[in-house]
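This report refers to the structure that appears directly beneath it.
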Amino acid sequence: FARVGAAAIDVGLVLGELGQIGEGTFTSGECPIMLTSSGFYGNVKANAKFDWGNAPMPYYPDVPGAPPLLAKQGAIAFEGVSFAYEGRAPSLSEVSFAIEPGQFIGVVGPSGAGKSTLVKLLFRFYDAEKGRITIDDIDIRTVTQDSLRTALSLVPQDVSLFNDSLRVNVAYGCPGASEDAIRAALEKAQLAAFVDRLPLGLDTVVGERGLKLSGGERQRVGLARAILNDPCILVLDEATSSLDSATEEEVQHALMAAARGRTTISIAHRLSTIAGADHIIVLDAGKIAETGTHADLITRGGLYARLWQKQRVESEKGMPVMPSPQPVSV
């Protein structure tokens, strides 16, 4: 077990959630673990080291005397960023873009295009081999990693929950949060009405990995957790891709409400979820293929337009969507 604050985390569970080791998604050397304020991701603590047998994992200590990141606006810039996992072709090559404070940015592209790598570099689970990443014009390598990750909240595709109460699961990143703050986060995540209907309310135990909740309810718990941290930057990593269409629409409304007033990066598989973004970045083979609004990209007839048309055809044909797990009565 790795212990962080008051929470004991089964590292094997976390590896299973993130790494799928042995199934070809990650190798153990590519699967750093971390508890962020919003979910499992990266190293357990910024300066903690773990030895997984003979497979080293990346470890980037804070530079001596590093100050905390005092992010107030949430402007993000990738400047000529390149990165490759050990023994592999580059995942990102000379990637440059800027995000203004409060903008909602969609990032799309085929599988393996480098979308998730962008997130890992932003959180500093890996360091760029070339170029730099800044938040509010500050190079993220020059500040403490704890402060960097406090400025960011992540809502992943599969939210990891403890076999504990809803209160603990929502507030574990902010253990001192007041009832009013938790309630406000539930309201913004559109989860308050559901909690109010439960006989035990926030004291309801969600089960191992949240098995007593539906897929949409789990995602909203993850969103409430992210909102409670009150980050200036919100990252949505395919946050609705595992949901059925009806549930996805419900959760999408909650995500859009949470994104207001925050810089938001949405990594998306279903393009319909980012069609209203202020700007869309289209990645292909680790490079930026095109950028623009949804309307601009459709008009150009490039990669984004082809992906959009393909998803429309699949939708019209009624191709099956992976269903959400069925809830167990609580």
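Tabulated results
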read-out	value
Glu250 versus Ala181: modelled label distance in nm, points set 7 Å from Cα along the beta carbon direction	2.8 nm
Cubic angstrom per residue, convex hull over Cα atoms of region 203-306	128 Å³
Separation of the Glu316 and Ser96 label points, Cα + 7 Å toward Cβ, nm	4.0 nm
Scattering profile of region 115-197 at q = 0.11, 0.15, 0.16, 0.20 Å⁻¹ [log10 I(q)/I(0), Debye over alpha-carbon scatterers]	-0.44, -0.73, -0.80, -1.00
Of all DSSP beta bridges in region 125-263, antiparallel share, percent nearest 5	40 percent
For region 274-291, 3J(HN,Hα) per residue [Karplus equation, 6.51 cos²θ - 1.76 cosθ + 1.60, θ = phi - 60°, Hz, x = Gly/Pro]	10, 4, x, 5, 4, 7, 10, 9, 9, 9, 8, 6, x, 10, 7, 7, 6, 9
Amide H contacts of Thr263 (H built 1.01 Å from N, under 5 Å, at least 5 apart or other chain)	Gly102, Leu234
Rg over Rh [alpha-carbon atoms, Kirkwood Rh] for region 137-182	1.07
Measure of compaction for region 69-151 (Cα Rg per 2.2 N^0.38 Å)	1.07
Relative contact order (%) - criterion: Cα under 8 Å, at least six apart; region: region 67-221	23 percent
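Each reported figure results from applying straightforward, stated rules to the coordinates on display, with no laboratory input. These numbers were taken from a predicted model, which means no experiment stands behind them. Don't worry about glycine lacking a Cβ; one is built from the backbone with ideal geometry, like all the others, and counts go over all protein chains shown.
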